[in-house]
Amino acid sequence: MTAETYTVINPATASPVTDVHLASVAETDAAIEAAHAAFPAWRAMPPGERATLLRRFAAVVDAHVEELAELEVRNAGHTWGNARWEAGNVRDCLNYYSGAPERLFGRQIPVAGGVDVTFHEPLGVVGIIVPWNFPMPIAGWGFAPALAAGNTVVLKPAELTPLTAIRLGELAREAGLPEHVLTVIPGKGSVVGERFVTHELVRKVCFTGSTEVGKRIMAGCAEQVKRVTLELGGKSANIVFADADIAAAAASAPYAVFDNAGQDCCARSRILVERPAYDEFISKLQPAVASLRVLDPSDESSEMGPLISAQQKATVTGYLDGAEVAFAGSVPGGDGFWVPPSVVAVDDPAARIWREEVFGPVVAVMPFDDEADAVAKANDTEYGLSGSIFTNDLGKGLRVARGVEAGNLSVNSHSSVRYWTPFGGYKQSGLGRELGPDAPMAFTEEKNVFIAH
């Protein structure tokens, strides 16, 4: 083992929580090789037995939801409400994908001269690289379908937020998963993550994070024609038409962007409001922002916590320097990486704050003229992950949803993620899809077998 460690910091107080060992290249290689050695037995396990183990893993997670949530409150600064949901989402993903091992159906295809059948076979070792903004659910979105399909998994949590991933790895063993089937390896992206990309025994890499890093991972995987799933940045639009319930749209807008302190790739960080309703919307948005409870996450009534680090705080405040903030909420005093929820009125579509992913509690608001203008403004971005449309005209809602270039749209809602529906982005927001009924197939090869009469 190397002597290198990382001190985990509580972002609400800027105080140390614990030290975590960071894996070396040699330790990463050993973990990958052990996962490769564990693969044949895991793959060969009868589907019903693999399903039973995943359900048992889900039950153990369920018994530790409060413990996992408390770890995330301290490690990531998440609110208690969010952290409980996140731990529960891991449980729910495991339960959902426990149905997959017995349902990885192939096909019988009519052919001349024989019988043709297809099989879905697991890839081998899958490397999953998890970000710091939602450490638990994004880990589960990767390992649950990958394990269900018969792969073994090596998982690298973000350096800033390793604690829940480490605990989930321990709970997997408590549930009876064989050793090395799910391995958690804390470490630097430049060491562990890079080795997932370059090691020939890793057959697929799943990465959630910045578009910049995602491009490098994709280029690296190309060297071995290695499969990759990427869930990257976003600059999603919240489109509010004048015929919508303006009070409801304004009341819900803060939660669509300030949840997790805006550190969410699905954050609706651009609000487009039809011009006749613009003034009314802004007048109702201000009290909604002011009433947002921004408190230390240890307070169970908190609705927004701190940013993850001093570096992230500096990045976000850099966007606010020189910007005309229309109004803002409050933050607690004392130490911690706090930025108030802030609303900026924008009229220039070239403004940095309108175009770039801030990844903090900052939202830009701009008027639009008609349906075509709304779609054009929403699509004027390199990203395409999510978005919302508020209107009482169902036809308009459907037209605009079809017109906006994004992978996950909601009408009169800000919902982006459900484990039983596919999730992923257009353009530079990513490659491939996670979640939904087809996710296990993304961790398989399809084999065709012809048998002559």
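The values are calculated or read from the model by the stated rules, or taken from the named source; none is laboratory data. Bear in mind the structure is a predicted one, so any value in this text is a computation, not a measurement. Cβ coordinates were reconstructed from backbone atoms using ideal geometry, including for glycine residues, and neighbour counts include every protein chain displayed. Areas reflect the complete protein model, heavy atoms only, side chains present, ligands, DNA and RNA absent. Shrake-Rupley method; radii C 1.70, N 1.55, O 1.52, S 1.80 Å.
What angle do you read, to the nearest 10 degrees and between 0 and 90, between the alpha-carbon axis of helix 65-76 and the longest principal axis of the chain?
60 degrees
Roughly to the nearest percent, how much of the accessible area of the range 228-301 is carbon and sulfur, given a 1.4 Å probe?
In the range 228-301, the share of accessible area belonging to carbon and sulfur is 52 percent.
Under a no-solvent Debye model with one identical scatterer per Cα of the range 1-158, what's log10 I(q)/I(0) at q = 0.13, 0.15 Å⁻¹?
-0.74, -0.93
Rounding to the nearest 10 and keeping the result within 0 to 90°, find how far the Cα-based axis of helix 47-63 lies from the longest principal axis of the chain.
40 degrees
When you count, for each residue, the other Cβ atoms within 10 Å and take the mean per peptide, how do 26-32, 304-310 rank with the highest first?
304-310, 26-32
What do you get for the angle between helix 163-174 and the principal long axis of the chain? Use alpha-carbon atoms, 0 to 90 degrees, nearest ten.
30 degrees
In the neighborhood of GLN286, defined by Cβ-to-Cβ distances under 14 Å, what is the net charge if each Lys or Arg adds +1 and each Asp or Glu adds -1?
Charge balance in the 14 Å sphere: -1.
Taking 8 Å as the Cα distance limit and 6 or more residues as the minimum spacing, I'd like the relative contact order of the range 1-114 as a percentage.
Once divided by the residue count of the range 1-114, the mean separation gives 26 percent.
Show the residues, 5+ positions off or on another chain, whose built amide H is closer than 5 Å to the amide H of ASN238.
Correct list: ARG270, ILE271, LEU272, SER388.
Over the range 183-271, what is the relative contact order in whole percent, taking alpha-carbon pairs under 8 Å and six or more residues apart?
Relative contact order here is 24 percent.
With 31 Å as the limit, write out which pairs from LYS313/LYS396; LYS313/LYS377; LYS188/LYS447; LYS156/LYS427 have Cα-Cα distances beyond it, or answer none.
Correct reply: LYS313/LYS396; LYS188/LYS447.
Are there any GluC sites (Glu not before Pro) in the range 232-337 that are in a DSSP loop and have at most 14 other Cβ atoms within 10 Å? List them by number.
Here the GluC sites (Glu not before Pro) that fit, given the DSSP loop and packing criteria, are GLU300, GLU324.
Suppose a student asked you for the relative contact order of the chain, using Cα pairs under 8 Å spaced at least 6 residues apart; what percent would you report?
18 percent
Averaged per residue, what accessible surface does the chain expose to a 1.4 Å probe, in Å²?
I get 40 Å² per residue for the chain.
Exposed loop chymotrypsin sites (Phe, Trp or Tyr not before Pro) only (DSSP loop, at most 15 other Cβ atoms within 10 Å): please give the longest stretch of the chain free of them, not including the sites.
106-419
Before rounding to the nearest 500, sum -39500 (n - 2.57) across all DSSP H runs of length at least 4 in the chain and divide by the residue total; then give [θ] at 222 nm in deg cm²/dmol.
Helix-only estimate at 222 nm: -12000 deg cm²/dmol.
What do you get for trypsin sites (Lys or Arg not before Pro) in the range 292-394 restricted to DSSP loop and a cutoff of at most 13 other Cβ within 10 Å of the site's Cβ?
Answer by residue number: ARG293.
Pick out, from VAL362, THR229, ASN89, the residue whose Cα sits farthest towards the positive end of the charge dipole of the chain, with +1 on the Cβ of Lys and Arg and -1 on the Cβ of Asp and Glu.
Comparing the listed Cα positions along the dipole, THR229 ranks first.
Restricting the count to DSSP beta bridges whose residues both fall in the chain, what percent are antiparallel, rounded to a multiple of 5?
40 percent
Send over the Kirkwood Rh of the range 150-270, from the inverse of the averaged 1/r over different Cα pairs, rounded to one decimal Å.
Roughly 17.1 Å, rounded to one decimal.
If you put +1 on each Lys and Arg Cβ and -1 on each Asp and Glu Cβ, how big is the dipole of the chain around its Cα centre, in Debye rounded to 20?
1040 debye
Report the trypsin sites (Lys or Arg not before Pro) located in the range 89-184 that are in a DSSP loop and have at most 16 other Cβ atoms inside 10 Å of their Cβ, or state none.
ARG107
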